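All of the numbers you see were taken from the coordinates with simple rules; none came from a lab. On a predicted model such as this, the values are computed, not experimentally measured, just so you know. Note: ideal-geometry Cβ built from the backbone for every residue, glycine included; neighbour counts use all protein chains shown.
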C-alpha cells in the first residue's frame, strides 16, 4: 500500500464504463452500462439511449421523486439496489441549486448522482504532538463494516444543511455536545469518483477540524461506531500508508488533515500525489 | 470579480490550442501551435509534427541543455522568448525525477514545461484575528508589476530543493532569518495550467504557512518587492473577491490559506468552487 494507492482506489472511475444521466440540459448522474440497461423498461420515467439516459418524468419534486421511487422499488426486487428507507438525498445539478427530485440513499450509487457528506477530524495536542480520535465502524454497517473511521461522519440528507448535519452527527455518533460541535472549523472538501459494485460514487465530503478537549471522551449512541481510540497522528499516517484498515474515503480525509497540519514532509516522494490527488474538478 | 473568476483565469488552458512536447515516451511540455511552428527550423533539436513536437537532441543533460539553449537564443532574437540569463529550471517528467535538460526560466512558458515554486503565507494573530503580511511587487518586475503578493515567493531553480529555496527567498525577499524561516509549515500545493502571451504556464506552487512574531517587520533586499503591509485576513479576502489587485496566482494561494483556516464560511456560494478549484490532477 501507499498513500497514492488509497487515492487511486477512490478514483477508479472509468468514463468508458458509464453514460450520463441527464435532466433537461444538465447532467445529474453517471450510469454504468448495466445500470442504464436495467432502466429501459421504465419508459414513463427514463428514456434510455446508447449514449445517455434522460429523466422524462414530469412534475414537481414530489411527483418526480414518486415516479423515480417506483423504479427504485423494482430495482430493489431485482436485487440491484439496497434501499435504506430511512434517508433520502437531494438530486441537484450543483450544490445549493433547488432539488430536481429526492432519492433513497441506497439508490444513489446506482444512478451515480453526486452525494455530499461531512467528515470531522477530532484532534488533540498532547505535549505538542497531534493525536486523532479514531472510531471503529460497527460490524453490521452496510458500507465498510469493521473499518476505522473519523470520530464523526455522515451523509447530508435532504433538507439538512452542512453545519446542521455536522452538529446532529456529532451528537449521534460521538456524544459531542452542540456547543463543542459548533467550534468545528470548516477546512475544505475532498472529492472523488469511484466505481463500486452498485455503481458510481461521485462524492464531495466537507471536512471539519475540531480540537477535542483533553477531558472529553467520545461515546457512540446510534450503534454505527463500536469504539473510539486516541492515536498519535503519525501512527495513523503509518497505518494509512501500510494497511487497508481505514474506510476507503477516510484515508483521503486524514491525508488532507495531515497535509494541512504539516505532518507530511515536503520531501516525501508522495507529497505531490497527496497535494494534487484529493480534489477533482466538479463539472 | 469573484473567487471563481481568479481560479478560472489561472486555468484558461485549452487543450485544442496546444500539442504535447515529448521526450522519448514522456510528455514534458505543452506547445501552443504558433510556438510549435516556430521550432520547425531547428531539426537537429526538435522534430515538429502536426500532433506533437519531439525532442531529438541526444546526449547528457549538459549537451541537450546546450542544444536547446541555441534554439532559445534564436527565439530571443525573434522576440518570442524574454531570456532571464540568471536562472535555469530543471525539465523533468515528474517532480523528483532526474532532469532531462535545463532551461532558461524565461523560456519555460514557451515550451509549457511544468514549473515549481514556493509561496509563503506570513500570518499574525492579533487578538484572535488573523492578519497577513502582504508585499507589493516592484514596478519593473517582468511578471505582474505593481501587483500585491505573498510576503515571500519564488521559483525553484535547478539544483535547489523546496525547503532550501524557501529559506533563500525568505532572506532575499523579506529579511526573514533562517531560524524563523525553518519554522514555516508545508501545507500542500496549488496547481493550475494557464495560457499567457508567451505560452503555457503549468505551475505547481508549494504552499507554506509561517506565524510571524509581532515584533518582526519584513524588509526587502533584492528589489523585487517595494513594500509590505499587515492586512486583516478578511480585508484581504474582500479585496481578492472584488479586485484584480493581487498577482494572478497569489489569489489562489491566499484562497487556499483562507479555506484551511476556516475563513470562508461553509455557506459561501463559492465554497465548493474554492475547495475543488485549487488543484489539478498532475499527469
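Descriptive notes on the structure:
- Shielding by partners for peptide A:176-188, expressed as the average number of C-beta atoms from other protein chains within 10 Å of each residue's C-beta, is 3.
- Tensor-based shape of the stretch A:1-55 (alpha-carbon gyration tensor, a/c under 1.5 rounded, otherwise prolate or oblate): prolate
- Angle in degrees between helix A:61-77 and the longest Cα principal axis of chain A, rounded to the nearest 10: 90 degrees
- When residue A:182 is represented by a point 7 angstrom out along its Cα-to-C-beta vector, the spacings to that point in the other copies are 4.4 nm, nearest first.
- Gaussian network model of chain A, springs between alpha carbon atoms under 10 Å - residue of A:66, A:184, A:16 with greatest fluctuation: A:16
- Counting only DSSP H runs of at least 4 residues, each contributing -39500 (n - 2.57), and dividing by the residue count of the protein assembly as shown, the helix-based mean residue ellipticity at 222 nm comes to -8000 deg cm²/dmol.
- Cα shape, the protein assembly as shown, gyration tensor, a/c 1.5 rule: oblate
- Stokes-Einstein D in µm²/s, Kirkwood radius over Cα pairs - the stretch A:119-168 at 20 °C with 1.002 mPa s viscosity: 170 µm²/s
- Between helix B:162-174 and chain B there is an angle of about 60 degrees, using the helix long axis and the longest principal axis of the Cα atoms.
- Angle of helix B:233-242 to the longest C-alpha principal axis of chain B, folded into 0 to 90 degrees and rounded to 10: 50°.
- Globularity index of the stretch B:149-262, i.e. its alpha-carbon radius of gyration over 2.2 N^0.38 Å: 1.09
- The ranking of A:137, B:142 from fewest to most other beta carbons within 10 Å of each one's beta carbon is B:142, A:137.
- Counting Cβ atoms of other protein chains within 10 Å of each Cβ in B:272-278 and taking the mean gives 6.
- 10 Å Cβ neighbours from other chains, averaged over peptide B:197-210: 1
- Taking the centroid of alpha carbons for each part, the stretch A:37-92 and the stretch B:21-100 are 53 Å apart.
- Relative contact order of chain B, taken over Cα pairs closer than 8 Å and 6 or more residues apart, is 21 percent.
- Looking at chain B, the DSSP beta bridges with both ends there are about 75 percent antiparallel.
- Between copies, the label points at residue A:144 (set 7 angstrom from Cα along Cα-to-Cβ) are spaced 3.6 nm, reported in nanometres from shortest to longest.
- Cβ crowding within 10 Å averaged over residues, with B:19-30, A:54-65 ranked highest first: B:19-30, A:54-65
- Rg/Rg_ref, the stretch A:32-75, where Rg_ref = 2.2 N^0.38 Å and atoms are Cα: 1.11
- Within a Gaussian network of chain A (alpha carbon springs, distance under 10 Å), most fluctuating of A:123, A:271, A:192: A:271
- Rounded, prolate or oblate (a/c below 1.5 giving rounded, otherwise prolate when a/b exceeds b/c) for the stretch B:42-167 by Cα gyration tensor: prolate
- Ranked by the mean number of other Cβ atoms within 10 Å of their residues, highest first, the peptides B:273-281, B:5-13 fall in the order B:273-281, B:5-13.
- Of all DSSP beta bridges confined to the protein assembly as shown, the antiparallel ones make up roughly 75%.
- Counting all C-alpha pairs of the stretch A:81-144, share separated by more than 15 Å (%): 67 percent
- Of A:44, A:119, A:131, the one that fluctuates the most in a GNM where chain A has Cα springs shorter than 10 Å: A:44
- For the peptides A:88-100, B:240-252, the ranking by mean Cβ contacts within 10 Å, running from highest to lowest, is B:240-252, A:88-100.
- With its label point put 7 Å out from Cα toward Cβ, residue B:77 sits 8.1 nm from the same residue's point in the other copies, in order from shortest.
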